[in-house]
Amino acid sequence: MLSNSENMIIRDLRMLAPEQQEQVIKFIQRLIKESVRHETIWDKIDKPVPLEMWESVPADGAEQHDHYLYGSSKK
């Protein structure tokens, strides 16, 4: 069952010429596209790091940070 608003939209849409109906469709599609929430940088930061990523992190990263950051020889 359609809501009152949906019935009004359909009724009014039927009164328009086909070209105008196309404009209404494009307008609705634009509204839908704009209303879709885009992932922000904070959403990405908030995601948990996958376990396989943690497994690839060097265990001696704190001790040997100069080696991993600057390429110097390990101590």
(request) Would you calculate the separation in nanometres between label points at Q23 and I45, each defined as 7 Å from the Cα along the Cα-to-beta-carbon direction? (result) 4.4
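Considering only DSSP states other than H, G, I, E and B, which GluC sites (Glu not before Pro) in the chain qualify as loop sites with at most 12 other Cβ atoms within 10 Å?
Sites meeting the loop and neighbour criteria: E39, E63.
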(request) Give the label of the value calculated from the structure for Rg/Rh (Cα atoms, Kirkwood Rh), choosing from (1) 1.50; (2) 1.25; (3) 1.00. (result) (1)
(message) From the phi angles alone, apply the Karplus equation (6.51, -1.76, 1.60; θ = phi - 60°) to the stretch 45-52 and give each ³J(HN,Hα) in whole Hz, x where the residue is Gly or Pro.
(response) 5, 6, 5, x, 7, x, 4, 5
(message) Using helices alone, I'd like the mean residue ellipticity at 222 nm for the chain: each DSSP H run of four-plus residues gives -39500 (n - 2.57), total over residue count, nearest 500.
(response) -17500 deg cm²/dmol
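Round to the nearest 0.05 the FRET efficiency obtained for W54 and K75 when R0 = 25 Å and r is the Cβ-Cβ distance.
0.55
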(request) Would you mind checking the tilt of helix 4-14 against the longest principal axis of the Cα atoms of the chain, expressed as 0 to 90 degrees and rounded to 10? (result) 70
(request) Could you tell me how many degrees, from 0 to 90 and to the nearest 10, lie between the Cα long axis of helix 18-35 and the main elongation axis, the longest principal axis, of the Cα atoms of the chain? (result) 30
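Values in this text are rule-based calculations from the coordinates and carry no lab data. Not measured: the values here are computed from a predicted model. Cβ: placed from backbone, ideal geometry, glycine included. Neighbour counts: every protein chain shown.
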